[in-house]
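The values are calculated or read from the model by the stated rules, or taken from the named source; none is laboratory data. Quantities reported herein were computed from a predicted structural model and do not represent experimental measurements. We place every Cβ from the backbone using ideal geometry, glycine too, and count neighbours over all the protein chains shown. For the accessible areas, the whole protein counts, side chains as well, though only heavy atoms, and no ligand, DNA or RNA atoms are used. Shrake-Rupley method; radii C 1.70, N 1.55, O 1.52, S 1.80 Å.
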Amino acid sequence: MIEHIKPNFIEFSELASAGAGGKVVFSTDDFFATCENMISDTEPIFIEDKYTEFGKWMDGWETRRKRVTGHDWCIIKLATKCVIKGFLVDTAFFTGNYAPKYSIQAACLSKEDEEAIPQRVETIGTACTESDLEQIKSLKSDVWEEIVPTTALLPGYEQTRRNYQKVLSDDAWTHIRVNIYPDGGIARLRVFGEPKPEPPAQDEIVDLVSVVNGGCCIGYSNAHFGHPKNIIKPGKSKIMSDGWETARRLDRPDVIEANDDGTLKLQGNEWAVFKLGFTGTIKKICVDTTQFKGNYPDSITIEGVHLDNSSWTESKDIPWRTILKPSRLGANKEHWYNCDSDVTSHVRVTMAPDGGISRIKLFGWTEN
């Protein structure tokens, strides 16, 4: 399905990118550009005069022109077990060298299954060996569940590069196999879905809001430069766009003044609501403004609520409780806070007045 209007499923968490924890574990060919590029968090770029010893440098996965039987394919381990809602296959800048067709299969692998996957080394100008192919046959990936049938792609011009595909299966998967027919290039692959992680041990402290533990963003006021769902990815952000950044509020005062306690007189705020992956009690909070040096918020407030099995909607009168009182933030660093919340299923993160946050982590114990 090729659309100029973005489908609703892109509001789900993205679970294949490197920043989310996705990983390429197998590829038949990485001659012109390695498969890892396909799950990069950045938008694809084109550099006119950049070449490697193997040919034109491309920001995506590009295999050689096939001169043997078969077709190229790869296997990607998703950030967490999830129900896949849809894909974006982006052929940006692959105009005369894009993959003409693709399909996607999926499986739920055990740790024992993963041991059959050959050790991967990301290297341009290479292909898998016959030994690698023989070893990975035990996974029988060629007969995994087909969740996207063979589908045509179009060249990577701006008007045709983005190919959205909805998925109707309700099964949960850990790995996908991306087939291209027979060879060529794809700039980016995005996998949108609903996490279904395994529950942690009761005595294990975990990041309750992390996307890999099932956390998800379910509402927000502004996402002009970056979506708030980015801030619950694991690890550190490497670029500013891999965070939540709002537009500058138009109701900010002409001249900024200070209150008696040193805080700034600023009106308005921006907010985002997250459903925790596991209901639990929050004991420690990390608010990270890494990458945000001239555009971090002045302060942040975090509230929580236990909604049982009811869903959150913006119109509801929610009895939010303060978990972290308004706290000043600084540029480009982690801010750590201790707390002792009640049992919590949802949190509301409010920044004042606007700006950017790269990550938020809420460490605690799951509810017994």
Notebook entry, point to check: Can you tell which of Ile10, Thr322, Val25 lies farthest toward the positive end of the dipole of the chain, using +1 and -1 charges on the Cβ of basic and acidic side chains (Lys, Arg; Asp, Glu)?
Noted result: Ile10
Notebook entry, point to check: aspartates and glutamates near Lys233 by alpha-carbon distance under 16 Å, same-chain residues fewer than 8 away left out - which ones?
Noted result: Glu11, Glu14, Asp41, Glu194, Asp207, Asp242, Glu245, Asp288, Glu334
Check: In a GNM of the chain with a 10 Å cut-off on Cα contacts, which of Ser13, Ser237, Ser221 has the highest mean-square fluctuation?
Finding: Ser221
Check: region 39-107: D in µm²/s via Stokes-Einstein (Kirkwood Rh, Cα pairs, 37 °C, 0.692 mPa s)?
Finding: 222
Notebook entry, point to check: Tell me, how many Å apart are the Cα centres for region 230-244 and for region 273-301?
Noted result: 11
Check: So what J values fall out for region 19-36 if you push phi through Karplus, 6.51 cos²θ - 1.76 cosθ + 1.60 with θ = phi - 60°, rounded to Hz, Gly and Pro as x?
Finding: x, 7, x, x, 8, 7, 10, 7, 8, 6, 7, 9, 5, 7, 7, 6, 5, 4
Notebook entry, point to check: Which ³J(HN,Hα) values, rounded to whole Hz and listed in residue order, are derived for region 207-223 from phi using the Karplus coefficients 6.51, -1.76 and 1.60 in 6.51 cos²θ - 1.76 cosθ + 1.60 with θ = phi - 60°, glycine and proline given as x?
Noted result: 7, 5, 9, 4, 4, 6, 9, x, x, 7, 7, 10, x, 6, 8, 7, 9
Check: What accessible surface, in Å², does a 1.4 Å probe find on Ile39, ignoring ligands, DNA and RNA and rounding to the nearest 10?
Finding: 10
Margin query: What's the whole-number percent of alpha carbon pairs in region 34-76 lying beyond 13 angstrom?
Written below: 62
Note to self: Relative contact order for region 30-154: what percent, with Cα pairs under 8 Å and sequence separation of 6 or more?
What the structure shows: 33
Next item on the list: Let me know the volume per residue of the alpha-carbon convex hull for the chain, in Å³.
Entry: 162
Note to self: Along its three principal axes, how long is region 188-304 when you only count alpha carbons? Whole Å, largest extent first please.
What the structure shows: 51, 38, 24
Check: Kirkwood Rh over Cα pairs of region 1-149 into Stokes-Einstein at 10 °C, 1.306 mPa s: D in µm²/s?
Finding: 95
Check: Hey, what did region 74-221 get for relative contact order, percent, Cα under 8 Å, at least 6 apart?
Finding: 47
Next item on the list: For region 307-368 and region 174-208, compute the distance between their C-alpha centroids and round to whole Å.
Entry: 25
Check: Over the chain, what relative contact order in percent results from Cα pairs under 8 Å that are six or more residues apart?
Finding: 20
Check: Gaussian network model of the chain, Cα springs within a sub-10 Å range: biggest mean-square fluctuation belongs to which of Ala106, Ala223, Ala92?
Finding: Ala223
Notebook entry, point to check: In angstroms, what radius of gyration and Dmax does region 231-275 have, counting Cα atoms only?
Noted result: 14.8, 38
Notebook entry, point to check: How do Ile124, Ile76 rank by accessible surface area computed with a 1.4 Å probe, from largest to smallest?
Noted result: Ile124, Ile76
Check: In a solvent-free Debye calculation with one equal scatterer on each Cα, what is log10 I(q)/I(0) for region 242-368 at q = 0.10, 0.17, 0.20 Å⁻¹, listed in the order of the q values?
Finding: -0.33, -0.92, -1.19
Check: Among Leu139, Leu78, Leu153, which one shows the biggest mean-square fluctuation in a GNM of the chain, springs joining Cα atoms closer than 10 Å?
Finding: Leu139
Check: Which number do you get for Rg(Cα) / (2.2 N^0.38 Å) in region 1-49?
Finding: 1.42
Margin query: With a 1.4 Å probe and all protein chains kept in place, how much accessible area does Phe9 have, in Å² rounded to the nearest 10?
Written below: 20
